[in-house]
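To start, the structure under review is shown below, and the notes come after it.
The values are calculated or read from the model by the stated rules, or taken from the named source; none is laboratory data. The structure presented is a predicted model; accordingly, all values stated were derived computationally and were not measured. Here Cβ is always computed from backbone atoms with ideal geometry, including for glycine, and neighbour counts include all displayed protein chains. Note: accessible area is taken over every heavy atom of the protein model, side chains too, but ligands, DNA and RNA are not part of it. Shrake-Rupley method; radii C 1.70, N 1.55, O 1.52, S 1.80 Å.
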Amino acid sequence: MSYTVSFERMNELIQSLQSNYKIFAPVRFEKRGRYSDTDMVRYANISCVEEIVHDEKSDFSPKEVVFPVTQAILYFTESEFMESRVHDKKILIFLRSCDIHGIRRLDNMFLRNGNVADFYYKRLREKVKFVLMECHDGWDTCFCVSMGSNETSDYSMAVRFHDDSLEIDVKDEEFEPMFGKEAQSDFTPEFVKQNAITVKIPDIRDKDTLHEVYNLPLWQSYNSRCQSCGACNAVCITCSCFTTTDVVYSENGRMGERRRVWASCQHEDFTAMAGGHRFRTTPGERLRFRALHKVYDYRQRFKTEQMCVGCGRCDDRCPEFISFSAMINRLSEEVDKLNEVKSK
Amino acid sequence: MNHDIDIKEIRKNCFRQSKVKGEFMLQMRVPGGIVAAKHLSMVQHIAETWGNGTFHIGTRQTFSLPGIKYESIDAVNAYIKDYIREIEVDTCGVDMDVNDAGYPTIGARNIVACIGNSHCIKANIDTTALARKLESIIFPSHYHIKISIAGCPNDCAKAHFTDFGIIGVTKTEYDYDRCIGCGKCVEACAHHATRVLSMEQAKVVKDECCCVGCGECVLACPTGAWSRVPTKFYRVMIGGRTGKKSPRMGKMFLNFVTEDVIIGIMKNWEKFSAEVLEHKPVYLHGGHLIDRAGYHKFKEMILDGVTLNPEAMVAQRIFWAETEYRSNINVLPVATK
Amino acid sequence: MNGLLVHETRANHNEMIPTAHEVLGVVRETETEFTLRVKTDAEVHHGQFFQISLPKVGEVPISVSAIEDGFVEFTIRSVGKVTGELLRIRKGDRLFLRGPYGNSFPIHQFRGKDLVIIAGGTGVSPVRSTLRYFYQHRGEVPSLHFIAGFKDDNSVLFREDLELFRQRFDTIYSLDHDKVPGFEVGFVTEHVKQITFTDFSDYNVVIVGPPVMMHYVALECLKEGASEDKMWVSFERKMSCAIGKCGHCKIDETYVCLDGPVFNYSVAKSLLD
Ligand SMILES: Cc1cc2nc3c(=O)[nH]c(=O)nc-3n(C[C@H](O)[C@H](O)[C@H](O)COP(=O)(O)OP(=O)(O)OC[C@H]3O[C@@H](n4cnc5c(N)ncnc54)[C@H](O)[C@@H]3O)c2cc1C
Ligand code: SF4
Ligand code: SF4
Ligand code: SF4
Ligand code: FES
C-alpha cells in the first residue's frame, strides 16, 4: 500500500520508530568535505526527514552501517576474551537501489565466502531493513543500468521525496499499521532507465585470456597517476576488506581490544608479510587487482553477477580523476581484441 | 610641451611616472586579484585609446597601463569611473565618492591574493571574499599599507613578504573511529609539512604544538577521518618587505585567529599609522611603522578593543631577521632618523 | 531475516573467539626459531594452520608442525610483533588458538605411491607432520625421498626428527654453503637430480619453502619428468581472518586461507596476484 505523508507527520512516525529502530540515512556534514568549503555527505543516524540528503549522491556508501570502519570484536583482560556487544535496536537504512544490490554483495562476502558466516557482520545485518530512496536520473558518474543494479524489489518501504511531503510504498507488514490513517497514493517507485555512461563488463572467457589481461600495458598507464590513497576502496559499497589488530588501552596496560578496521587493497602494505615481502608492488598492479575483483574474480567465485554495482562513487572520490568506469571500458576493449585474435 | 607636473600628486591619483617625459602608468585596483573577465575590454580600450597598447599584470595584481600621456589623464579618470564604482563600491562595499577624478589615493595598496578555495584544492579560505572585505576597511586611506592573502601556508601569495600577510590555516579534527590507520596522513604531513603526525596503536596521534594548519592530512585521508572545522582561521605575518636596504621576511604575529580578529586589527590600522606618523601620511610602509613604534606598542594599539578568539595565539616578542646589504645598517648616528 | 541465505549450521557461532590452550613444552630450534607443543584434541590435518594469538599483541597464522594424540606443535620463526612476543612463551603458559584452518596435504592420495618431499628452511615445518605420519606408517608408501635444505648449520630445524627420518626415508640434507658432517653443500634444486627415479611421472611431490625456492624446485622436478598434477606446494600470504572475509590473502578468485594453503601445482602455477 502507498501513502502520501507530510514531513511533519513523517517526523512523528520516525519518532515512534526510534523506540525500536536506529534510522540511518545520508546526512550532510557541512564543510567537512575533502576540500575547503565542501560538504561531506555520509551515512549517520537521523531523527527527522529534513536531515536526509535525498537529492545528492552520498560521498560514502551505507556499508558502514553494517560494516563499521572500526569495530571492536573482542575485549580482553590479562587472560580472558569477551565478545564485543552491539546495540539492541533494529536498523532502518534509507538507500538507493545500487546500494541495496551492494549490500547483497557484502552478504556474499561476509556470510557465504568460506564455510562460516561472519558473526560481526551477521549480527548487524540481521537487524537491517531497507527503505529504498527512489532515484530518477542518477548522476553523471553512475552506471547502475550497465551493472543491472538500477532496479530492485528488495525493500521494506520505498520513498519519493517532494518539497514537504513524501510518498511511501509500504511493503513490509511490520510498518503497515503505522500508516493506517495516512492518505493513500498510487505511488510505486520508478527506476533509472539509462545512465550517461555505459560500461561493458569484460568478456574474459578463459585462464589464457586472463593471463594476457594481467600483462596489458593498460595497467602500467596508471602507475604515474594513481597515488594509492585507497579512497576508491573506502567509498565503495562492495569493498569489504579489513585488518585485525590488537590495541592496549594506555590508561590500563592490562586491558585491550581486538578490533577490525577497513583495509584497502590499494595501499602498499596490503599484502606485506613479515620480512617485507609484498605482492603487487605498483599502483597499476593494485588497480588491476581491484578492477578484476570488481568485474571478474567475484563473479567467478560466486557464479553470480559481477561485484561492482555501478554507484560511481570511486570515480567521484578519486583525487587523481581516475575513472573506474573508463578503466573497465578500456579493459573490455582490450579483451574484445584478444577474443577476436583467438577466434581467428 | 610644458612638463611642469607635480608627480607626487599624480602618483596619489594612481598614475606612476614614466621614464618617457610626460607619460604615466595607471594602476587600477583589482582587490584579491580577481574581477569579471569582461573588464578586460575596458583595459583594452584604455590601452589602445590613451596608452601604448599594452598592459602589465602588476606585481601587486593591478591592471597597469603604461604610456598614458599627461594630457589624457582626465579622460582616463572619467572613463574608469564605472569600474571604480562596480569594484570598489558595489563589490567591496568601500565607503567613497566616485567621481571623474579617478582613484582618490595610492596609500593603501591593492590587496594581493592567491586564487583561494574557490578553485585551489589546497586552499583553506576564500581569499577573494576576505580581500574584498578588507578593501572596504583599508581603502581609501593615504597611509601606505600592503596586504597579501594566501589560501594556505604554502603561501603562493607571499604573505611572508608584505606588511600584513594573512594566511588561511585550518584547525583539523580527527575522527578516531573513521581512521583506518593507513598512515597516509602521516606520510603527507612529513612530506609537505612539519611531521607532527605519527602512528600509535594503529591510529594517529598529533603533536598539536607544531601543526601549521595546512590541511594536507585532510586531503590525504581516504575515509574523511580528518576534516577541517567549519570555522575559518588565519595566521598573520607582519613586517615583511622587499627593498634595497634591508629586505626581510615577515614574522608571525598572530596564529589561529578568526576573521573577526582580522577585521578588528585592520580597523585599527589607520589609527596606528596616523599616530606613528603624527598624522602625516608620508610614503612609508607598514613594516617600517612597526619598526618605529616598536613591536610592543604596535601590538597594544593594533589589538586595542579586539576580542581574541580562544584558539588565538599572539607573538610575545618578535626577533626580526633582516638582510643587511651593508653590515650594521641599522646602527646609525644619533642625529639621523 | 530479510531473506538472507546463510550457510551456517552453528547459527550464532563466533569463529573469531579463540580458546586457551596449555603449552606443554617449548623447544628452542635455532636462535630465532622455536617449537611450541600445545595441548588440544582438535581434529587437525597435515598442512593446516591455526590462528595463534596473544591478547593485546595480535594474531598470526602458524602451520602445525606435528599432530599427535592430545597435542599439536607449532614451529615459529620470530620475525615481528607477535612472533617476537611468542618467543617468551614457557611451558605451562596458555596460548590462544582458533582453527584449524585451510586445506591439507592429500594423504589418502599419497598412499601406495612413491613420495618426494622437498622443503627449504622454515618450509620444513608445514611438512614435518606429514613426514612424522609416514614415519609411523612407513608401509603406506613404497618409497619416500626427503630433501631438506637449510641456510647454514645454525638454521637447521628438528635435528632429532631429521635423524629419525634418515632411518626410514631416503634423505638428503643440505646446507647452502657450510660443510658439516651429515649435510651436503648446495641448494635443494641441485639435489633433485640425485634421486634415481624409476618413473618420476607417477611420484607425488611436495614442495614447501620460500616462493623463489618453490618456483625453481618445481621447474626442476618438471624437467626431471614429474607430473604437474602430482605436485603440491604450500603458499604463504598475509592473512588477517583465516575464514575468507578479510580479503588479504586473495589471489584472483582464490582465497589462500580457504582454498589453500596447499595447492596442487597445476592450480598454483596459474594463480595470478
Ligand atoms: C598459512 C600460513 C602459515 C604460516 N606458518 C608459519 C609457521 O609455521 N611458522 C612461522 O614462523 N610463520 C608462519 N607463517 C608466517 C607468520 O604468520 C608471520 O611470520 C607472522 O604473521 C608475522 O607476524 P608478527 O606479528 O610476528 O610480525 P609483524 O610485526 O606483524 O610483522 C609482520 C607484518 O608487519 C609488516 N612488516 C613486517 N616487516 C615488514 C617490512 N620489512 N616492511 C614492511 N612491512 C613489514 C607487514 O604488514 C607484516 O604483515 C605462516 C603464514 C601463513 C599465512
Ligand atoms: S584510483 Fe584514485 S582513489 Fe583509488 S587509490 Fe588510486 S588515486 Fe586513490
Ligand atoms: S567499484 Fe566503484 S562503481 Fe563499482 S560499486 Fe565500487 S565504488 Fe561503486
Ligand atoms: S589518512 Fe585517514 S585513515 Fe589513514 S591514518 Fe590518517 S586519519 Fe587514519
Ligand atoms: S585471511 Fe582473511 S580472507 Fe583469507
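Under 5 Å between amide H atoms, partner at least 5 residues away or on a different chain: which partners does A:S165 have, H built in plane at 1.01 Å?
Placed amide hydrogens put A:F7 under 5 Å from A:S165.
Which far-off residues, 5 or more places away or on another chain, put their amide H under 5 Å from the one on C:F158, with H placed in the peptide plane?
Residues meeting the amide H criterion: none.
If you place +1 on the Cβ of every Lys and Arg, -1 on the Cβ of every Asp and Glu, and leave all else neutral, what size is the dipole of chain A about its Cα centre, to the nearest 20 Debye?
Details: 48 positive and 54 negative charges, 300 e Å.
Around 1440 debye, computed over chain A.
Please work out the FRET efficiency for the pair A:K90 and B:H3, using the Cβ-Cβ distance as r and a Förster radius of 60 Å; give the result to the nearest 0.05.
0.10
Any chance you could look up the accessible area of B:W269 with a 1.4 Å probe, heavy atoms only, rounded to 10 Å²?
Estimated to the nearest 10 Å², B:W269 gives 10 Å².
Give me the count of lysine pairs in the stretch B:7-91 whose alpha carbons sit under 21 angstrom apart, restricted to pairs 8 or more positions apart or on different chains.
Total qualifying Lys-Lys pairs in the stretch B:7-91 comes to 10.
Please list, in order along the stretch C:36-43, the HN-Hα scalar couplings obtained from phi with the Karplus expression 6.51 cos²θ - 1.76 cosθ + 1.60 (θ = phi - 60°), rounded to whole Hz, x for Gly and Pro.
So the Karplus estimates, Gly and Pro as x, are 10, 9, 10, 6, 6, 10, 4, 7 Hz.
In the stretch C:10-101, carbon and sulfur make up what percent of the accessible area (probe 1.4 Å)?
Details: 1820 of 3950 Å².
Here carbon and sulfur together make up 46 percent of the probe-accessible area.
Report the accessible area of C:T83, computed with a 1.4 Å probe over the heavy atoms of all protein chains in place, in Å² rounded to the nearest 10.
Accessible surface of C:T83 is approximately 10 Å².
Tell me, what ³J(HN,Hα) does each residue in the stretch A:31-46 have, in order and in whole Hz, if you take phi through Karplus 6.51 cos²θ - 1.76 cosθ + 1.60 with θ = phi - 60° and put x for Gly and Pro?
Coupling constants for the stretch A:31-46: 6, 9, x, 5, 9, 4, 6, 10, 8, 10, 10, 8, 6, 7, 5, 10 Hz.
May I ask what percent, to the nearest 5, of DSSP beta bridges between residues of the protein assembly as shown are antiparallel?
Details: 102 of 143 bridges.
That works out to approximately 70 percent antiparallel.
Using +1 at the C-beta of Lys and Arg and -1 at the C-beta of Asp and Glu, which of B:Y283, C:F235, A:A326 has the Cα lying farthest in the positive direction of the dipole of the protein assembly as shown?
So the residue furthest toward the plus end is B:Y283.
Give me a single rounded figure for A:256-262: the average over its residues of other chain Cβ atoms within 10 Å of their Cβ. Please report the intermediate quantities before stating the final value.
On the way: counts 4, 2, 8, 4, 5, 10, 7.
Taking all residues of A:256-262 together, the mean is 6.
Enter the buried accessible area of the C/A pair, total of both sides, probe 1.4 Å, in Å² rounded to the nearest 100. Kindly include the intermediate steps, with their values, before the conclusion.
Working: alone 13700 and 17340 Å², together 26260 Å².
The buried area between C and A, both sides summed, comes to about 4800 Å².
Post the alpha-carbon centroid distance, the stretch B:1-68 to the stretch C:81-101, in whole angstrom.
Result: 80 Å between the Cα centres.
Order B:235-242, B:70-77 from most to least packed using the mean count of other Cβ atoms within 10 Å. The partial results should precede the final answer.
Details: B:235-242: 21.8, B:70-77: 16.6.
Sorting B:235-242, B:70-77 by mean packing, highest first, produces B:235-242, B:70-77.
Ordered by packing density, taken as the mean number of other Cβ atoms within 10 Å over each peptide's residues, highest first, how do B:303-310, A:129-136 rank? Working shown, then result.
Details: B:303-310: 12.9, A:129-136: 20.8.
My ranking of the peptides, most packed first, is A:129-136, B:303-310.
Mind pulling the angle between the C-alpha long axis of helix C:124-136 and the longest principal axis of chain C? Nearest 10 degrees, somewhere in 0 to 90.
70 degrees
For C:T40, enumerate residues with amide H under 5 Å from its amide H, sequence gap 5+ or separate chain, H modeled in the peptide plane.
C:F71, C:V72
Enumerate the lysines that C:K151 could reach by cross-link, defined here as Cα to Cα under 27 Å, with residues fewer than 8 away along the same chain left out.
List returned: C:K81, C:K179, C:K193, C:K223, C:K238, C:K269.
Interface size between chain A and chain B, please: total buried accessible area, 1.4 Å probe, rounded to the nearest 100 Å². Before the final figure, lay out each step's value.
Details: alone 17340 and 17340 Å², together 32420 Å².
The summed interface area works out to 2300 Å².
Could you sort A:F321, C:F187, C:F134 by accessible area so the largest value comes first, with the probe set to 1.4 Å? Working shown, then result.
Numbers: A:F321 175, C:F187 95, C:F134 0 Å².
In descending accessible area the options line up as A:F321, C:F187, C:F134.
For a quick protection proxy, order the peptides A:53-65, A:275-287 by their average other-Cβ count within 10 Å, most packed first.
Working: A:53-65: 20.1, A:275-287: 16.8.
Going by the mean number of other Cβ atoms within 10 Å, highest first, we get A:53-65, A:275-287.
Leaving out same-chain residues fewer than 8 places away, which aspartates and glutamates sit with a Cα under 13 Å from that of A:K337?
By straight Cα distance, A:K337 reaches A:D203, A:E212.
In whole Hz and in residue order, list the ³J(HN,Hα) couplings for the stretch B:181-189 that follow from phi through the Karplus curve 6.51 cos²θ - 1.76 cosθ + 1.60, θ = phi - 60°; x for Gly and Pro.
In residue order, the calculated couplings are x, 7, x, 5, 5, 4, 4, 5, 5 Hz.
Place a +1 charge on the Cβ of each Lys and Arg in the protein assembly as shown and a -1 charge on the Cβ of each Asp and Glu, then give the dipole magnitude about the Cα centre in debye, rounded to the nearest 20.
Working: 119 positive and 128 negative charges, 506 e Å.
Charge dipole, the protein assembly as shown, about its Cα centre: 2420 debye, nearest 20.
With a 1.4 Å probe and every protein chain left in place, tell me how much accessible area B:M301 has, in Å² to the nearest 10.
Here the accessible area works out near 30 Å².
Once you average over the residues of B:123-136, how many Cβ atoms of partner chains fall within 10 Å of each Cβ?
Numbers: counts 3, 3, 2, 2, 0, 0, 0, 0, 0, 0, 0, 0, 0, 0.
Mean shielding count: 1.
In deg cm²/dmol, rounded to 500, what helix-only [θ] at 222 nm does chain B give when every DSSP H run of at least 4 residues adds -39500 (n - 2.57) and the total is split over its residues? All intermediate terms of the calculation are to be shown ahead of the outcome.
On the way: 10 runs with 88 residues, N = 337.
Per the formula, -7500 deg cm²/dmol.
Could you give the nm distance between label points at A:D55 and B:H56, where each point is 7 Å from its Cα heading toward the beta carbon?
Those two pseudo-labels are separated by 5.0 nm.
Please compute P(r) over all alpha-carbon pairs of the protein assembly as shown, binned at 20 Å starting from zero, and give each bin as a whole-number percent.
Taking every Cα pair in the protein assembly as shown, the percentages come to 12, 32, 29, 19, 8, 1, 0.
Report, for chain A, the % of DSSP beta bridges that are antiparallel, rounded to 5.
Working: 36 of 48 bridges.
Approximately 75 percent, going by the DSSP bridge assignments.
Averaged per residue, what accessible area in Å² does the protein assembly as shown show with a 1.4 Å probe, protein chains only? Could you put the intermediate results ahead of the total?
On the way: 41350 Å² over 954 residues.
I get 43 Å² per residue for this part.
Just how far, in whole angstrom, is the stretch A:183-240 from the stretch C:193-227 if you go by their alpha carbon centroids?
41 Å
Considering the dipole of the stretch C:10-101 built from charges on the beta carbon (Lys and Arg +1, Asp and Glu -1) around the Cα centre, which of C:L97, C:H46, C:A66 is farthest to its positive end?
Of C:L97, C:H46, C:A66, it is C:L97.
Could you list, in their original order, any pairs among C:K39/C:K91; A:K89/C:K56; B:K133/B:K244; B:K206/B:K251 whose Cα atoms are separated by more than 23 Å?
Numbers: C:K39/C:K91 11 Å; A:K89/C:K56 30 Å; B:K133/B:K244 32 Å; B:K206/B:K251 25 Å.
As for pairs spanning more than 23 Å Cα to Cα, those are A:K89/C:K56; B:K133/B:K244; B:K206/B:K251.
For chain A, what is the calculated [θ] at 222 nm in deg cm²/dmol (nearest 500), taking -39500 (n - 2.57) for each run of four or more DSSP H residues and dividing by its residue count? Before the final figure, lay out the partial values.
Numbers: 12 runs with 94 residues, N = 344.
That comes out to -7500 deg cm²/dmol.
Please give the average number of partner chain Cβ atoms lying within 10 Å of the Cβ of each residue in A:237-243, rounded to a whole number.
Values: counts 0, 0, 1, 3, 7, 7, 10.
If you average over the peptide's residues, the count of other-chain Cβ atoms is 4.
Would you work out which of C:M213, C:S266, C:F134 lies farthest towards the positive end of the dipole of the stretch C:107-268? Charges go on Cβ: Lys and Arg +1, Asp and Glu -1.
Checked the options; the winner is C:F134.
By how many degrees, between 0 and 90 and to the nearest 10, does the Cα long axis of helix C:211-223 differ from the longest principal axis of chain C?
The angle comes out near 40 degrees.
Quote the FRET efficiency, to the nearest 0.05, computed for C:T19 versus C:K193 with a Förster distance R0 of 51 Å and r equal to the Cβ-Cβ distance.
Details: r = 47 Å, r/R0 = 0.92.
Approximately 0.60, to the nearest 0.05.
Report, in debye and to the nearest 20, how large the dipole of chain B comes out about its Cα centre when Lys and Arg carry +1 and Asp and Glu carry -1 on their Cβ.
Values: 41 positive and 37 negative charges, 199 e Å.
Computed charge dipole of chain B: roughly 960 debye.
Does anyone have the angle between helix B:127-138 and the longest principal axis of chain B? Alpha-carbon axes, 0 to 90°, nearest 10?
Roughly 50 degrees, rounded to the nearest 10.
If you average the alpha carbon positions of the stretch A:276-324 and of the stretch A:84-161, how far apart do those two centres end up, in angstrom?
20 Å
DSSP beta bridges in the stretch C:107-268, what fraction antiparallel, as a percent rounded to 5?
Details: 5 of 27 bridges.
Roughly 20 percent of the beta bridges in the stretch C:107-268 run antiparallel, per DSSP.
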